[in-house]
Amino acid sequence: MSIREISAAAITDAVEALCIEANTKLPADVKAALDQAEAAEPWPLARETLGLLQQNLVVAADKELPICQDTGMACVFIELGQDAHISGDLTESVNEGVRRGYEKAFLRKSITADPLQRVNTGDNTPAFLTVHLVPGSGCRITVAPKGAGSENMSRLAMLKPADGVEGVKKFVLDTVEQAGANPCPPIVLGIGIGGSFDHCAALAKKALLRPLDKPNADPYYAVLEKELLDAINATGFGPQGFGGATTCLGVAIEQKPTHVACLPVAVNISCHVTRRASREV
């Protein structure tokens, strides 16, 4: 069995480029969802608001400027092949890529070195790195900057198994209603169901990486995603909370096995600037 060598420098270069791309260009599936929402929105003010969001996207892409002033925590996901070897320090190579990307593109640095003492690190590091080992020798990197406005509205609950799917629906809708206009709707929801306390939160974050036009592979959960999307849009919060039929652009659920006595549910809210960019190294 041959082992593929991947240089740490290649990781750094890729992360640098992805930080800039993710912050300046909205993914095609999110843009398509915005297009569809604008075309179908019956409320004049809501349609006008969606049009302004679209104008912002065009300017950001043309001038390579951030889509949003909050350029977020650098959440980095790496799918690393079991037959690949990184020649160097993976964590440091990722952090160096974030450091360079945020400096090069004049992206806002938003990370504090300590959650209570609140001293800015000055370069948006450290990155929040998740590595998954997969078969093969590939290395796929995804950078998904996550802003605080929507992140702060996210919640996790350890429901009782007896609460069932109706309890899950209620928790999700309660979370959206409590958030109101704070996460800058139209929002995107990543929902984790199952696992342990920590795994459930990770599932919700992972769900935000799935394209909006790709439903859950399990028909049961695909139907649940659509039901939740319709229920959220029926709240009438609308774009930026001004009222309208477009409160949510998409709902993605990730599920995994859990303890017989548990029903964990996590809701990770993202705004319409659901940013992610990927490449193979």
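The values are calculated or read from the model by the stated rules, or taken from the named source; none is laboratory data. None of these values were measured; they are calculated from a predicted model. Backbone-built Cβ (ideal geometry, glycine too); neighbour counts: all protein chains shown.
Laid out as a table, the results:
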quantity: Entirely in segment 1-108, the helices (runs of 4 or more DSSP H) that have 2 or more residues that are under 28 Å from P239 (Cα atoms), in contact (Cβ under 8 Å) with a residue 24 or more places away in the chain and among the small types (G, A, S); calculated: 28-40, 44-63
quantity: Odd one out for E64 among (1) modelled with pLDDT under 95; (2) closer than 13 Å to H272 by Cα; calculated: (2)
quantity: All positions within segment 115-163 that are in a loop (DSSP other than H, G, I, E, B), out of contact with any Gly (no Cβ under 9 Å at 6 or more places or on another chain) and not hydroxyl-bearing (S, T, Y); calculated: P115, L116, Q117, R118, V119, G122, D123, P126, N152
quantity: Scope segment 80-113; condition surrounded by fewer than 18 Cβ atoms within 10 Å (Cβ to Cβ) and either acidic (D, E) or not assigned by TED's automatic domain parsing to the domain that holds T125 (or both); matching residues; calculated: D83, D89, E92, E103
quantity: Subset tally (residues that are farther than 19 Å from L52 by Cβ, touching a helix residue (DSSP H, G or I) at 6+ places or on another chain (Cβ under 8 Å) and polar (S, T, N, Q)) for segment 227-257; calculated: 2
quantity: Complete set of residues in segment 177-229 that are among the aliphatic types (A, V, I, L, M) and more than 14 Å from the chain's Cα centre (by Cα); calculated: A179, A181, I193, A217, A222, V223, L224, L228, L229
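Here is a yes/no grid of residues against (1) under 18 Å from the mean Cα position of the chain (by Cα); (2) crowded, with 19+ Cβ neighbours inside 10 Å:
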| position | (1), (2) |
| --- | --- |
| A8 | no, no |
| T12 | no, yes |
| I20 | yes, yes |
| D35 | no, no |
| A46 | no, yes |
| V58 | no, no |
| D62 | no, no |
| M73 | yes, yes |
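A quick yes/no check of all residues on (1) in contact (Cβ under 8 Å) with a residue 24 or more places away in the chain; (2) in contact with a Phe, Trp or Tyr (Cβ under 9 Å, 6 or more places away or on another chain); (3) on the phi > 0 side of the Ramachandran plot:
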position: I141; (1), (2), (3): yes, yes, no
position: A148; (1), (2), (3): yes, no, no
position: F171; (1), (2), (3): yes, no, no
position: G180; (1), (2), (3): yes, yes, yes
position: C184; (1), (2), (3): yes, no, yes
position: D198; (1), (2), (3): no, no, no
position: L209; (1), (2), (3): yes, yes, no
